[in-house]
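Structure record follows, encoded as structure tokens.
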Amino acid sequence: MKNALKFYIDGAWVDPARLETLAVVDPSTEESCGEIALGSAADVDKAVAAARRAFESFSRTSREERLALLRRLLEVYNRRFDELGEVMSREMGAPLPFAREWQAGIGRRHLQKAIETLEVFSFEARHGTTLVAKEPIGVVGMITPWNWPMNQIMAKVAPALAAGCTMVLKPSEIAPLNAILFAEIVDEAGVPPGVFNLVNGDGPGVGEAISRHPGIDMVSFTGSTRAGILIAKSAADTIKRVHQELGGKSANILLPDVDLETAVTKGVAGCFGNSGQSCNAPTRMFVPADRHDEAAEIAARAAARFKVGPAGGEGVDLGPVVSQMQYDKIQRLIETGIAEGASLVAGGLGRPDGMNRGYFVKPTVFAHVTPDMTVAREEIFGPVLSILSYESEEDAVRLANDTVYGLASYIQSADLDRARRVAARMRSGNVYINYPAWDPGAPFGGYKQSGNGREYAEFGLEEFLEIKGIVGYEAA
């Protein structure tokens, strides 16, 4: 990748202020698959200056001009679609078919939805003699994660472009190569200089500089709750808007009327998708107490069917987790689950049999988990499911909501009206009834320590807009 040691600033690939490099590790092999430059506050200053200059003209572009730009971006994205999937498969370990269909595919769907949203979005409304206008907020700092890299880049960049904002992106240094490729796509699509800027780096070197920068009007961050707290504190001195999508420990309530075999099997698949590295994964499965052991047996069988292997392997369901740090964290939490008395019914410590290298985790299921156990309370971010019991619907709702997080909840029932009633009581930003298809038009974001603000469709576009009231716009 020819631009890996450069940053994209003001429409050009430029050298960093000082050259410090970091290897990008292929988690399937534990070997380097690339190298990037790590940025500094000086690089952020340069990118912010370019974005501020570009904002003066880009913020005044018409809807039609921005639609044309987004359509060109989609055209180039589609041309390099397979390349994006291959890059993400290699750098973050997603099986290649999954990386193409979902890791790259979800970025395309967000861009398509942004175009559809901009075509009909209303930026002005009359309230008597007052005009209420929605205008771009300004320069946006974007800090994105490694687990769904293109999803989170496009869920921020596409609506920001639609709004008329300019931006500085810092992708995760763990899986940054897709962002470099995306910057090449931006350049080829003819996005005006300074509108989109990319500075690679780590949290202390670049993330904090973005959060603190007085020239940045808004920070949009996706990542851990711990990092989100640090970003909010860094941003506080400049009173910038802070938009965050953070951690989760999502409940999956299986009501007594479900087909247990189907509901548990699908719940295991939902938990293990992307090797369990999704903030909204249904990691706490609540089942009726009198059917707990039956549910545990079904979950164990379902887990055993998952094939773990290298991202490029044939028929692989679960690739590795992303890094040594992530692998070690998951192992510690599995060990804690065993020590605290949860029943290990599938998986467990160490790599799967026959695997001596790569950050591979056994698909793991704990049964007889109690709400006070660490595996029921902490976000594990790996293929680890906890099964808990409930005595009544009221009990299930109480236990599901007993968490500092509030990103997603899942409800399974043969009675849709009953599922809707339970869904209304969930303290989470999203509720999914009976394992529905993913909807790019649904608002995405959390309650409580899962963040603030929303992404996707018009809800995401609104986050990048300021509201202006022009009183007396019409003569009285």
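The values are calculated or read from the model by the stated rules, or taken from the named source; none is laboratory data. The structure presented is a predicted model; accordingly, all values stated were derived computationally and were not measured. Here the Cβ positions follow ideal geometry from the backbone for every residue, glycine too, while neighbour counts run over all protein chains shown.
Take Glu173 and tell me if it is surrounded by fewer than 23 Cβ atoms within 10 Å (Cβ to Cβ), among the charged types (D, E, K, R) and not in a loop (DSSP other than H, G, I, E, B).
Working: surrounded by fewer than 23 Cβ atoms within 10 Å (Cβ to Cβ): yes; among the charged types (D, E, K, R): yes; not in a loop (DSSP other than H, G, I, E, B): no.
Answer is no for this residue.
For residues that are of a type outside the set (Val, Ile, Thr) and within 21 Å of Glu378 (Cα to Cα), tally how many sit in the range 304-332. Explain how you work it out, then say what you get.
Filtering the range 304-332 down to residues of a type outside the set (Val, Ile, Thr) leaves 304-307, 309-315, 317-320, 323-329, 331-332.
Within this subset, residues satisfying the condition of being within 21 Å of Glu378 (Cα to Cα) are 320, 323-329, 331-332.
The total comes to 10.
Checking Ala295 against (1) under 17 Å from Val361 (Cβ atoms); (2) in a helix (DSSP H, G or I): exactly one of these is not met. Which one?
Every condition holds for Ala295 apart from (1).
What is the one condition in (1) farther than 18 Å from Leu169 by Cβ; (2) surrounded by fewer than 24 Cβ atoms within 10 Å (Cβ to Cβ); (3) out of contact with any strand residue (DSSP E or B) (no Cβ under 6 Å at 6 or more places or on another chain) that Ser40 does not satisfy?
(1)
Step by step: first the residues of the range 306-344, then only those that are within 24 Å of Leu388 (Cα to Cα) and in a loop (DSSP other than H, G, I, E, B), then the one that is nearest to the chain's Cα centre (by Cα). Which residue is that?
Phe306
Check the range 239-261 and report whether any residue there is acidic (Asp, Glu) and more than 30 Å from Ser389 (Cα to Cα).
First, the residues of the range 239-261 that are acidic (Asp, Glu): 245, 257, 259, 261.
Now drop any that are not more than 30 Å from Ser389 (Cα to Cα), which leaves none.
No, that holds for no residue.
If you check Glu119, Glu184, Glu124, which single one turns out to be of a type in the set (Asp, Glu), modelled with pLDDT of 95 or more and within 20 Å of Lys2 (Cα to Cα)?
On the way: Glu119 fails: within 20 Å of Lys2 (Cα to Cα); Glu124 fails: within 20 Å of Lys2 (Cα to Cα).
The unique qualifying residue is Glu184.
Results for (1) at pLDDT 95 or above; (2) of a type in the set (Gly, Ala, Ser); (3) in contact with a helix residue (DSSP H, G or I) (Cβ under 9 Å, 6 or more places away or on another chain), shown as yes or no for each residue.
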| position | (1), (2), (3) |
| --- | --- |
| Gly273 | yes, yes, yes |
| Cys279 | yes, no, yes |
| Ala295 | yes, yes, yes |
| Ala299 | yes, yes, yes |
| Ala311 | yes, yes, yes |
| Gln326 | yes, no, no |
| Ala342 | yes, yes, yes |
| Phe360 | yes, no, yes |
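Matching residues to (1) without any contact (Cβ under 8 Å) to a residue 24 or more places away in the chain; (2) crowded, with 23+ Cβ neighbours inside 10 Å; (3) in a helix (DSSP H, G or I):
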position: Met88; (1), (2), (3): no, yes, yes
position: Gly141; (1), (2), (3): no, yes, no
position: Leu181; (1), (2), (3): no, no, yes
position: Glu184; (1), (2), (3): no, no, yes
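So Ala51 clears everything in (1) part of a helix (DSSP H, G or I); (2) out of contact with any Leu (no Cβ under 7 Å at 6 or more places or on another chain); (3) surrounded by fewer than 17 Cβ atoms within 10 Å (Cβ to Cβ) except one condition, right? Which one?
(3)
Tell me which residues, restricted to the range 207-222, are of a type in the set (D, E, K, R) and within 20 Å of Pro145 (Cα to Cα).
Within the range 207-222, the subset of a type in the set (D, E, K, R) is 208, 212, 217.
If the condition is that a residue be of a type in the set (D, E, K, R) and within 20 Å of Pro145 (Cα to Cα), then Glu208, Arg212 are the ones that fit.
Could you tell me which of the residues Ile231, Ile210, Ile216, Ile180 is outside the structural domain of Gly273 (by TED's automatic domain parsing), aliphatic (A, V, I, L, M) and over 21 Å from the mean Cα position of the chain (by Cα)?
Values: Ile231 fails: over 21 Å from the mean Cα position of the chain (by Cα); Ile210 fails: over 21 Å from the mean Cα position of the chain (by Cα); Ile180 fails: over 21 Å from the mean Cα position of the chain (by Cα).
Just a single option satisfies the conditions, and that option is Ile216.
If I ask for residues that are assigned to a loop (DSSP other than H, G, I, E, B), surrounded by 14 or more Cβ atoms within 10 Å (Cβ to Cβ) and out of contact with any strand residue (DSSP E or B) (no Cβ under 7 Å at 6 or more places or on another chain), which ones from the range 408-428 would you list? Break it down into steps so the answer makes sense when it comes.
Here is the first cut: in the range 408-428, the residues assigned to a loop (DSSP other than H, G, I, E, B) are 413-415, 424-428.
Still in the list and also surrounded by 14 or more Cβ atoms within 10 Å (Cβ to Cβ): 413, 425-428.
Once the filter is applied, which keeps residues that are assigned to a loop (DSSP other than H, G, I, E, B), surrounded by 14 or more Cβ atoms within 10 Å (Cβ to Cβ) and out of contact with any strand residue (DSSP E or B) (no Cβ under 7 Å at 6 or more places or on another chain), the range 408-428 yields Ser413, Arg425, Arg427.
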